[in-house]
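Worksheet: one structure, shown below.
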Amino acid sequence: MAEAHQAVAFQFTVTPDGVDFQLSREAVRHIYLSGINSWKKRLIRIKNGILRGVYPGSPTSWLVVVMATVGSNYCKVDLSMGLVHCIQRYLPASYGPYWTPQTQELLSVVIFSTGVWATGIFFFRQSLKLLLSYHGWMFEMHSKTSYATKIWAICVRLLSSRRPMLYSFQTSLPKLPVPSVPATIQRYLDSVRPLLDEDEFYRMETLAKEFQDKTAPRLQKYLVLKSWWATNYVSDWWEEYVYLRGRSPLMVNSNYYAMDFVLIRNTNVQAARLGNAVHAMIMYRRKLDREEIKPVMALGMVPMCSYQMERMFNTTRIPGKETDVLQHLSESRHVAVYHKGRFYKVWLYEGSRLLKPRDLEMQFQRILDDPSSPQPGEEKLAALTAGGRAEWAQARQTFFSSGKNKTSLDAIERAAFFVALDEESHCYNPNDEASLSLCGKALLHGNCYNRWFDKSFTLISFKNGLLGLNTEHSWADAPIIGHLWEFVLGTDTFHLGYTDTGHCVGEPNMKLAPPQRLQWDIPVQCREVIENSYQVAKALADDVELYCFQFLPFGKGLIKKCRTSPDAFVQIALQLAHFRDKGKFCLTYEASMTRMFREGRTETVRSCTSESTAFVKAMMKGSHTKEDLQNLFRKASEKHQNMYRLAMTGAGIDRHLFCLYIVSKYLGVSSPFLAEVLSEPWSLSTSQIPQYQIRMFDPNQYPNHLGAGGGFGPVADDGYGVSYMIAGENTMFFHVSSKFSSSETNAQRFGNHIRQALLDIADLFKVPKTES
């Protein structure tokens, strides 16, 4: 129990002479340094709040304005046109011995200068907000940029040229606009036209017309009112109703995973790789707290919203009987670790100093070397987070609301993030097709009790040093965790490094207290609940078929020679592959971002269009000329790109209809049209994985430093989930998921169809290819 004594600042003993206190100087010193560190953080936040609040101005610019006004006043030039003297008249006539006319005049000049400076900032911010509301640039060809767009680009660069902090642009971002009901209805009908026969389409058209004329105007008024009042009319309802109110297990259904570099290996030492990764993550958190991370900019000049990054660390999804709650702490100084059925608390700091990678490696190695056994009920405890949410909420309230169970659960839920030390090894072997899929399965669900699915993310470490993430979805979308992951992998490889023996650089501090083992008292009734949750999770995990593969014949480079966007190319290939797989078209979901708006998250691109289905039918027919097929493909590609741009600029379909549906429920209004739209299954759910959001290294110089992206479970029981990463000029990665219980789907079969569809489309444009 040495670690327990180390964690206590003082001990006391009751004796006949009174109470004898025994202070631990070392512990008191750590408490003192921790307090100093907390105050430093507060001061940094205050300073950042001021700098962010006056952007694009600065204290220096304020001083320049004051000095210019004082100088002009000294030279008898009144730039204020009498306002300084007007301000001076309202100042107290006498206020102590130092309150001279010169002091009054100087104060009046400072007040006037500050007003001019603040007015300038307000003007610049509103001008930038107005400029960022223009999205015409997205709909113009690169070679046909209009003069208006060129002038707009110059103005945006001028107003955003000063080095911004992470949240500098937040108040300058426009609000997400509410589309008109007729426009949304028309886009919806266009999207379902290729999926319905004449009678079905006429029925849906009638429902839509009735909704548009009778019900929608009232609902739209409330939604417009909300858009005026709220920062974003979608995001809070999306988080609550799509994520937090869901009662099904997070595992597979909601959480997603991210993979490590797959073509290189920095070290085979598990604890060393983890030491570097955890250190890099806390370095990132420090940059996040200090707002030193550059905001993501489209085209290098259009800022994306950064608000999702606020809850990356120190965040846990707390289960509730009806709805969950996201608990976010301003600070956490430890991580929770799971290994061989045991939970640990590992401190990240010694006083105010962040532990070095070598120190963290030593701590993780101590856990790996610990021979102790799990306590009764401890081994499968995390299965509670993998089962039903209502069952977990009830168990949490019954068995974890007091005593050592509450203390230990708090240690996990209040951790910066969760770490899983796995006993199995995984790696990608290009000669073993199943290796990447097995790694994906391990990251998606593990053994159903070695991940804490409620944490914002779980860092997973395999025995051979390979890493991965399992991420909870409600707090943010994939590009956000991707930003962190790129930083971690780049920092680990190019900045921290390893010794020749594969260990972290430096010497460990052997005086560090060992990791603290969490203590539990889990009764038999609770163990039964844990086992029930485990069985639910295991059935879900066993039903998931995951097929991950690398597509080698070509990548982004040769697709661009077809004069189309890589995303449109892949999406049309998915339509062709799905038709070959199932013999029919289906409602297709592709996630796009709306982060050009404040607090924007995602919008749906309905990829199955009349144009894409026309191309697929022509391909299947086999009698069209290559030129005809090329023309049909380009029409489908242009339609897809236009829909993607509309979604990104707030003119999508599904978020608007979703919010109208929520308003209807609040008002108690019944809408058969909305009920049917919101119940339509997404039989093909797709997402492109972003990369190179941070330029940590030159991919042309290090072509093998490729992550394989990540994936998610199928959205529909008889459907597919497909994520893909266009990993460079010459390769792509795909993650295809389905359910074994469905007789209609087979992930590997669909993956093979995707391969062939990509090759067949490339062949239309005479793209050189090799055997896959």
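The values are calculated or read from the model by the stated rules, or taken from the named source; none is laboratory data. Quick caveat: nothing in here was measured; it's all calculated off a predicted structure. Ideal geometry is used to build each Cβ from the backbone, glycine not excepted, and the neighbour counts take in all protein chains shown. These area figures cover heavy atoms from the full protein model, side chains too; ligands, DNA and RNA do not enter into them. Shrake-Rupley method; radii C 1.70, N 1.55, O 1.52, S 1.80 Å.
Charged side chains reduced to their Cβ positions (Lys and Arg at +1, Asp and Glu at -1) give the chain a dipole of some 2340 debye around its Cα centre. Within the assembled protein chains, the solvent-accessible surface assigned to Ser723 is about 0 Å², based on a 1.4 Å probe. Between Cys155 and Asn642, the simple label model (points 7 Å from Cα in the Cβ direction) yields a spacing of 2.7 nm. Rg/Rh, computed from the Cα trace of segment 304-355 with Rh as the Kirkwood radius, has the value 1.07. Summing +1 for each Lys or Arg and -1 for each Asp or Glu among the other residues whose beta-carbon sits under 9 angstrom from that of Ala591 gives -3. Would you mind pulling out the separation of the Cα centroids of segment 204-255 and segment 675-693, in Å? Segment 204-255 and segment 675-693 have Cα centres spaced 16 Å from each other. Extension gain for Lys560 to Arg245 (0.36 nm times residue separation, less C-alpha to C-alpha distance): 109.2 nm. Between Glu198 and Lys511, the simple label model (points 7 Å from Cα in the Cβ direction) yields a spacing of 8.8 nm. Label-to-label distance for Asn431 and Lys340 is 3.3 nm, based on points extended 7 Å past Cα in the beta-carbon direction. Applying 1/(1 + (r/R0)^6) with r as the Cβ-Cβ distance of Lys76 and Lys635 and R0 = 60 angstrom yields a FRET efficiency of 0.25. Heavy-atom accessible area for Leu546, with the other protein chains in place and a 1.4 Å probe, reaches approximately 20 Å². For segment 180-186, 3J(HN,Hα) computed residue by residue from phi via the Karplus equation (6.51, -1.76, 1.60; θ = phi - 60°) reads 6, 5, x, 5, 5, 4, 5 Hz, glycine and proline entered as x.
Distance from the C-alpha centroid of segment 288-346 to that of segment 512-538: 24 Å, rounded to the whole angstrom. Maximal additional length on extending the Glu350-Ser623 stretch stands at 91.1 nm, based on 0.36 nm per residue less the C-alpha distance. Whole-Hz Karplus ³J(HN,Hα) for segment 335-342, in order, using 6.51 cos²θ - 1.76 cosθ + 1.60 and θ = phi - 60°, x for Gly and Pro? Per-residue couplings from phi come out as 10, 9, 10, 10, 8, 6, x, 10 Hz. Rounded to the nearest 500, the 222 nm mean residue ellipticity of the chain from helices alone is -14000 deg cm²/dmol, with -39,500 (n - 2.57) taken per DSSP H run of at least 4 residues. Let a ≥ b ≥ c be the square roots of the eigenvalues of the Cα gyration tensor of segment 249-543; is it rounded (a/c under 1.5), or, if not, prolate (a/b larger than b/c) or oblate? Judged from the Cα gyration tensor, segment 249-543 comes out rounded (a/c under 1.5). Computed over the chain, relative contact order equals 17 percent, with contacts defined as Cα pairs under 8 Å that lie 6+ residues apart.
Only one item in [x] 29.4, 103; [y] 28.4, 85; [z] 26.5, 87 matches Rg and Dmax of the Cα atoms in Å derived from the coordinates shown, and that item is [x]. Accessible area of Met301 (1.4 Å probe, protein heavy atoms only, ligands and nucleic acids ignored): about 10 Å². Segment Lys665..Thr145, full-extension length gain: 182.7 nm, with 0.36 nm per residue of separation and the alpha-carbon distance subtracted. Label point of Lys463 set 7 angstrom out along Cα-Cβ; within segment 301-341, amide nitrogens under 18 Å from it belong to 338-341.
All C-alpha to C-alpha distances of segment 571-721, sorted into 10 Å bins beginning at zero, yield P(r) values of 10, 29, 33, 22, 6, 1 percent in whole numbers.
In this structure, the pairs whose alpha-carbon distance is over 31 Å, taken from Lys175/Lys556; Lys150/Lys626; Lys129/Lys226; Lys404/Lys455; Lys635/Lys665; Lys294/Lys556, are Lys175/Lys556; Lys150/Lys626; Lys635/Lys665. When the Cα atoms of segment 650-706 are aligned to their principal axes, the ranges along those axes come out at 59, 23, 17 Å in descending order. The accessible-area ordering, largest first, of the residues Phe123, Phe364 stands as Phe123, Phe364, per a 1.4 angstrom probe.
These residues, Ser670, Ser742, go from largest to smallest accessible area, 1.4 Å probe, as Ser670, Ser742. Counting protein heavy atoms only, the chain has 57 percent of its accessible area on carbon and sulfur, 1.4 angstrom probe. Using the Cβ-Cβ distance between Leu63 and Asn700 with R0 set to 51 Å, the FRET efficiency from 1/(1 + (r/R0)^6) comes to roughly 0.70.
Label reach from Ile264 (point 7 Å along Cα→C-beta): in segment 486-505, amide nitrogens under 16 Å belong to 486-500, 502. For Lys40, the lysines whose Cα comes closer than 16 Å to its Cα, not counting residues fewer than 8 places off in the same chain, are Lys287.
Decide, for segment 430-557, between rounded, prolate and oblate: order the square roots of the alpha carbon gyration tensor eigenvalues as a ≥ b ≥ c, take rounded if a/c falls under 1.5, and otherwise choose prolate if a/b is larger than b/c, else oblate. In terms of gyration-tensor shape, oblate.
Accessible area ranking (1.4 Å probe, heavy atoms, ligands and nucleic acids excluded), largest first, for Glu433, Glu638: Glu638, Glu433.
Calculated FRET efficiency, Ala118 and Ala614, Cβ-Cβ r, R0 45 Å, to nearest 0.05? Taking R0 as 45 Å, the efficiency between Ala118 and Ala614 is 0.20.
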